[in-house]
1. If we scan region A:89-98, do we find a residue that is free of Cβ contacts under 8 Å to residues at least 40 places away in the same chain and buried (at least 22 other Cβ atoms within 10 Å of the Cβ)?
2. Taking the stated definitions as given, is residue A:358 more than 14 Å from chain B (Cβ to nearest Cβ), under 26 Å from the mean Cα position of the chain (by Cα) and at pLDDT 90 or above?
3. Can you find even one residue in region A:281-296 that is more than 22 Å from residue A:251 (Cβ to Cβ), within 14 Å of another protein chain (Cβ to nearest Cβ) and modelled with pLDDT under 90?
4. Go through (1) in contact with a helix residue (DSSP H, G or I) (Cβ under 7 Å, 6 or more places away or on another chain); (2) surrounded by fewer than 20 Cβ atoms within 10 Å (Cβ to Cβ); (3) closer than 17 Å to residue A:249 by Cβ and name the single condition residue A:341 misses.
5. Just one of (1) in contact (Cβ under 8 Å) with a residue 40 or more places away in the chain; (2) crowded, with 19+ Cβ neighbours inside 10 Å; (3) closer than 15 Å to residue A:90 by Cα trips up residue A:55, so point out which.
6. Which helices (runs of 4 or more DSSP H) sit wholly inside region A:345-460 and have at least 3 residues that are more than 30 Å from residue A:534 (Cα to Cα) and in the same structural domain as residue A:317 (by TED's automatic domain parsing)?
7. Going through B:157, B:126 one at a time, which residue ends up being farther than 29 Å from residue A:159 by Cα, at pLDDT below 90 and outside any helix (DSSP H, G or I)?
8. Any chance region A:310-319 includes a residue that's in contact (Cβ under 8 Å) with a residue 40 or more places away in the chain, over 17 Å from residue A:446 (Cα atoms) and touching a helix residue (DSSP H, G or I) at 6+ places or on another chain (Cβ under 8 Å)?
């Protein structure tokens, strides 16, 4: 079957039991605090690097998904969620408690580059300080912000001051006596090429980029706080739609649904899983179409025709999604235990509309290939620019089309199956080019794979026995998962691994709700791709990352 | 005078030579039924202000300004199918200095509000603002957020509010057309309360917070102070 992974005969790929791992770490472990998804080892705050290095180099845990931090009554805690790129079902968590009065913990940045931003976020929102961190300052909130909003004693009503600084050229001093002059250039936060409100602090040496630093937080809408103040059953589900708002709503809702269903032990009926799978793949098509549209615009303003074509195809998918869910963009269609309502009546009409869309899709993809990928100008701009080697991608925790464009064969739909994906016939798309062109090709080919999935789902749904069309499991009106249960679950969103960490405290609201956004990690790779390149290539690289700021900033 | 062409004067009653000379001087390509209707006296009489307002309302340059979820629907409004250009307002300008209308499509958070104010200030007068979506009205679903400004009107004045989360493209088209109507009629923008201003740090009233930040912020740096306790 196409879903089987290529064999990897590597020591690191060997699955170890929790006890073997504990033996491997030896004295580093001071306790166990297992999560629902993985064994969790408690370690001392000054042994973070040693522990993570052991797990990475000797046990093969090469993917730091996320660092989730939180404050308890008596301590602070950072959790490092580790996985393997080769087999994401092998997970391990490293729990690092820190002192309540003086929360300091060692930084993991020297082991995993991706920890840089994740720890800055933990510092910003919770207030844990990381020793040995290269650049520990606020990342989402203005630098003059007072207090740490997700800590326990934060007063939401206190006044705050935000600044509008004029930026000095950070490299000026280095070049004072040199012949070459550098120029500092702000790109954004209001700029058409930044896909929203992203700010790139760029230093140019002539036409080349000497340094680029993404400055984020211009759309930090307190999503985690909103989720923590909503009840599991109904109040959280509308928010995921607004993380990755490029029509990827159902994919995001699935991330929350998967985490919460596993936490509360809810079984989803098979029929609902098929509907979910179909809807989610429609969303993926819509999201990739917009990625394609805006990427073409970024690379060359003359590609407005491509933009219009892709928007046209998006409108068609959105019509189908509107028939299914009742909304164009913010679907709010999933419920814990299933979906909110059955397929629209008359069903035959919905199926035939879907089939019509799928029938014309190969033709329009052919058209896109004619318009852009086989266009010489486009190829010159994208082939061999924005290079992201696979090892670098892994070190930064890149996932989704960005990782797959660098040849990293990682797709949670296949590797950590959920929904109905493992029953269907489809392929994971990878490209080895590591450049802007490959990332675009991956998205275009994924659209074809999504179409294959939708078609199989439609076949299944058409023949589904009439009396087995159960759309929702029986779920209690109020969900109160057991006290101090922790879980991290991820799904393959449009941009990559979208994960949720939830800690319950016995009430009907989560005590900690942490979102692992794929774009947040993917955007971190931008300096690697951009430094030394020409300025137009930076714009192309940024476009090929396909970030959405609602998800980066949350 | 024939009844199906009410505005054309009777050919036999006027000296047609003059009229022909005037019309042929233009070249046939420019002659339309409308031009024909004006006949030998191609002048209209109106107030200058009214004419100018009509011009303004008929051709509005929008600022290409994307913030959050609503900007996706805004793009759809500009693109095929909904095509805002049909109503004479579909030319997005990348620079605020060339724009007449700013559509605010999304949630305003503390870090972005000073930047939005700056972009608004850069637009030349007369300028108009369409607030798109619930977030620009009240903060919408994120109103409780610790970092969210409770409505764009806390920062800049807004002429038209389009509710929805997000509003459908049709709703945005309706809002923009309403704005055009108002502009063409010369109706003034509403007076709004704007509690958050961009000001120099040294101009802020001294209090605990300002004292604490004195070391971090230069006196002449522009800042925006949020009083979240007073927000609606």
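The values are calculated or read from the model by the stated rules, or taken from the named source; none is laboratory data. Here the structure is a predicted model, which means the values were calculated and not measured. Cβ placement follows ideal geometry from the backbone for every residue including glycine, while neighbour counts extend to all protein chains displayed.
1. No, there is no match, as no residue in region A:89-98 is free of Cβ contacts under 8 Å to residues at least 40 places away in the same chain and buried (at least 22 other Cβ atoms within 10 Å of the Cβ).
2. no
3. Let us first name the residues in region A:281-296 that are more than 22 Å from residue A:251 (Cβ to Cβ), namely A:296.
From what's left, within 14 Å of another protein chain (Cβ to nearest Cβ): A:296.
If we keep only those that are modelled with pLDDT under 90 as well, we get A:296.
Yes: region A:281-296 contains one or more residues that are more than 22 Å from residue A:251 (Cβ to Cβ), within 14 Å of another protein chain (Cβ to nearest Cβ) and modelled with pLDDT under 90.
4. (1)
5. Status for residue A:55: all satisfied but (1).
6. Ranges flagged: A:347-368, A:412-415.
7. After applying the criteria, what remains is B:126.
8. First, pick out the residues of region A:310-319 that are in contact (Cβ under 8 Å) with a residue 40 or more places away in the chain: A:310, A:313-314, A:316-318.
Keeping just the survivors that are over 17 Å from residue A:446 (Cα atoms) gives A:316, A:318.
So of that shortlist, the ones also touching a helix residue (DSSP H, G or I) at 6+ places or on another chain (Cβ under 8 Å) come out as A:316, A:318.
The answer is yes; a qualifying residue exists.
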